[in-house]
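Mind looking over this structure? Questions follow.
The values are calculated or read from the model by the stated rules, or taken from the named source; none is laboratory data. Here the structure is a predicted model, which is why all the values come from computation and not from measurement. Cβ sites come from the backbone with ideal geometry, for glycine too, and all protein chains shown count toward neighbours. We work out accessible area using only protein heavy atoms, side chains counted, and drop any ligands, DNA or RNA first. Shrake-Rupley method; radii C 1.70, N 1.55, O 1.52, S 1.80 Å.
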Amino acid sequence: MACGFGACFGCVVPLAGGGYARTCVDGPVMDAAALAEVPA
Amino acid sequence: MSGADLAVDLCGIELAHPVLNGSGTFDAIAARRVFGDALLDDFPFSAFVSKTITLQPRDGNPPPRLYETPAGMINSIGLPNKGVHGYLEHDLPELARLPVALITNIMGSSAQELGELAAICDGRGEIAALELNVSCPNVKTGLDIGADPRELEAVVSHVRPRTTKPLIVKLTPNTADVPACAAAAEAGGADAVSLINTLRAMAWTDTTPARPWLGARTGGLSGPAVRAVAIAQVAAVAARVSVPVVGMGGIQSGRHARQFLDAGATAVAVGTETFRDPAAGARIAAELGSIAANSGLFAR
């Protein structure tokens with residue numbers, strides 16, 4: 001993670017519906033169903 | 001800031017001090033959400049350079065997008081943005097409230113795309129200048145538009161008559177002869193050049209089988225690791241062209257900024273350091289003020 005406040009877009013995870021969410025400001029806790037893949 | 005007058009003129013834009021942000025490394029809207037209106041009272045940069053804006057919206061590259069290196073980082077963010085119409089409708093009203101001039105960075109995969117972007121932005125008074133990102137592969141040749149002096153001159157010549165705003169060409173360092181590209185940009189009608197963009201870089205995982213660490217395979221190296229390369233390129237370009245040069249690459253302090261100014265830059269930009277310290281721009285400008293007060297720098 002570079003900036004930590006939503007500016008650099010470095011920490012994204014893919015969303016099930018396409019596009020990406022930023023872990024730092026849209027997470028770090030997210031609805032698993034919204035993610036394209038859930039890390040083991 | 002300490003006593004010395006650090007004001008500079010960058011192709012007609014009056015800057016209170018010579019420290020800008022590097023495109024894509026500072027999101028003024030996200031920063032305002034986090035730091036509040038204090039950001040407006042003491043904005044860290046003397047002008048704000050937007051992220052790269054393209055004609056169509058982009059999601060950006062698949063993750064992972066970042067890799068840490070000794071004294072630097074590799075990024076392959078992939079220029080996510082809302083597209084120029086989304087930018088003008090949603091972001092520009094917020095960016096216009098910043099207390100500094102706005103420079104909008106645009107990128108296209110052809111002269112036509114860049115010309116169209118420049119024309120679309122031309123009518124918007126909130127935008128003080130355009131910075132052309134020419135580190136985009138030509139769809140036909142696969143080579144970066146900005147890597148070949150003849151193609152770069154043709155692209156800048158095409159964009160030039162489509163806007164009345166100052167044009168700053170952000171040069172790519174990933175080419176054999178950067179000063180020749182700077183001269184080509186100047187011949188095409190650039191009002192200034194900025195450099196360096198990131199150096200093309202790659203990292204591999206330690207897994208078996210190994211794979212490229214970054215989702216997009218390659219990315220761009222930035223941070224203190226590139227500073228000495230950047231200063232050499234800035235010095236070579238400043239010696240070659242008569243338009244102002246915006247120097248950047250690994251600047252972390254006023255002392256570093258001064259090295260770029262002494263190498264011939266009119267202004268400097270700070271990027272990777274703002275990830276470590278979001279207020280770095282203001283700190284570096286203040287440090288530059290102290291240096292200027294005790295040296296001939298900025299003596300008029």
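Using a cut-off of under 13 Å, list every residue of region A:1-28 whose amide N is near the label point 7 Å from the Cα of B:Glu68 along the Cα-to-beta-carbon line.
A:1-3
Taking 0.36 nm per residue of sequence separation and subtracting the Cα-Cα distance, how much length would be gained by fully extending the chain between B:Arg150 and B:His90, in nm to one decimal? Can you show the working numbers first?
Working: separation 60, 0.36 × 60 = 21.60 nm, distance 3.62 nm.
Full-extension gain reported as 18.0 nm.
Follow-up question, since we're still on this one. Taking the Cα centre of the protein assembly as shown as the origin, how large is its charge dipole in debye, to the nearest 20, when only Lys and Arg (+1) and Asp and Glu (-1) carry charge on their Cβ atoms? Present the calculation step by step, with values, prior to reporting the outcome.
Working: 25 positive and 32 negative charges, 92 e Å.
Magnitude of the dipole: close to 440 debye.
Let me ask something else. When Lys and Arg each count +1 and Asp and Glu each count -1, what net charge do the other residues less than 15 Å away from B:Phe275, Cβ to Cβ, add up to? Show your work: numbers first, answer last.
Numbers: positive: A:Arg22, B:Lys51, B:Arg65, B:Arg276, B:Arg283; negative: B:Asp27, B:Glu68, B:Glu273, B:Asp277.
Combined, the nearby Lys, Arg, Asp and Glu give +1.
How high is the relative contact order of chain B, in percent, with contacts defined as C-alpha pairs under 8 Å that are six or more residues apart?
Across chain B, relative contact order equals 20 percent.
Of the DSSP beta bridges with both residues in chain B, give the percent that are antiparallel, rounding to the nearest 5. It would help to have the intermediate numbers written out before the result.
Details: 18 of 44 bridges.
In chain B, approximately 40 percent of DSSP beta bridges are antiparallel ones.
What 222 nm value per residue comes from the helices of chain B, counting each DSSP H run with n ≥ 4 as -39,500 (n - 2.57) and dividing by all residues, nearest 500 deg cm²/dmol?
Details: 11 runs with 94 residues, N = 300.
Rounded to the nearest 500, the figure is -8500 deg cm²/dmol.
Tell me, in nm to one decimal, what length is gained between B:Ala203 and B:Val229 on full extension, where the rule is 0.36 nm per residue of separation less the Cα-Cα distance? Display every interim value, and only then the final one.
Details: separation 26, 0.36 × 26 = 9.36 nm, distance 1.97 nm.
My answer for the length gained is 7.4 nm.
Can you put B:His85, B:His256 in order of accessible area, largest first, using a 1.4 Å probe? Don't skip to the answer; put the middle values down first.
Values: B:His85 120, B:His256 20 Å².
Highest to lowest solvent-accessible surface, that is B:His85, B:His256.
Now, a different point. If you take each beta carbon of peptide B:51-60 and count the beta carbons of other chains within 10 angstrom, what is the mean? Kindly include the intermediate steps, with their values, before the conclusion.
Details: counts 3, 0, 0, 0, 0, 0, 1, 0, 7, 5.
That works out to 2 on average.
Quantify how strongly other chains surround peptide A:12-21 by giving the mean number of their Cβ atoms within 10 Å of each of its Cβ atoms. Don't jump to the answer; show the numbers that get you there.
Details: counts 11, 1, 4, 1, 0, 0, 1, 4, 8, 0.
Counting Cβ atoms of other protein chains within 10 Å of each residue's Cβ and averaging gives 3.
How crowded by other chains is B:274-286, given as the mean number of beta carbons from other chains within 10 Å of each beta carbon? Mind showing how you got there, number by number?
Values: counts 4, 8, 2, 0, 4, 0, 0, 0, 0, 0, 0, 0, 0.
Counting Cβ atoms of other protein chains within 10 Å of each residue's Cβ and averaging gives 1.
Okay, next question. Using +1 on the beta carbon of Lys and Arg, -1 on that of Asp and Glu, and nothing else charged, what's the dipole of region B:174-247 about the Cα centre, debye to 20?
Numbers: 5 positive and 4 negative charges, 49 e Å.
So the dipole magnitude of region B:174-247 works out to roughly 240 debye.
While we're on this one: What Kirkwood radius, in Å to one decimal, follows from the Cα pairs of chain A? Please list the in-between numbers first.
On the way: mean 1/r = 0.0972 Å⁻¹.
So the Kirkwood estimate lands at 10.3 Å.
Additional query: From Cα pairs below 8 angstrom and at least 6 apart in sequence, can you work out the relative contact order of region B:1-141, rounded to a whole percent?
Details: 210 pairs, mean separation 30.3, N = 141.
Here the relative contact order equals 21 percent.
Continuing with the same structure: If I model a spin label at B:Arg97 and B:Ala176 as a point 7 Å from the Cα along the Cα→Cβ vector, what separation in nanometres do I get?
Each label point lies 7 Å from its Cα, and together they span 5.1 nm.
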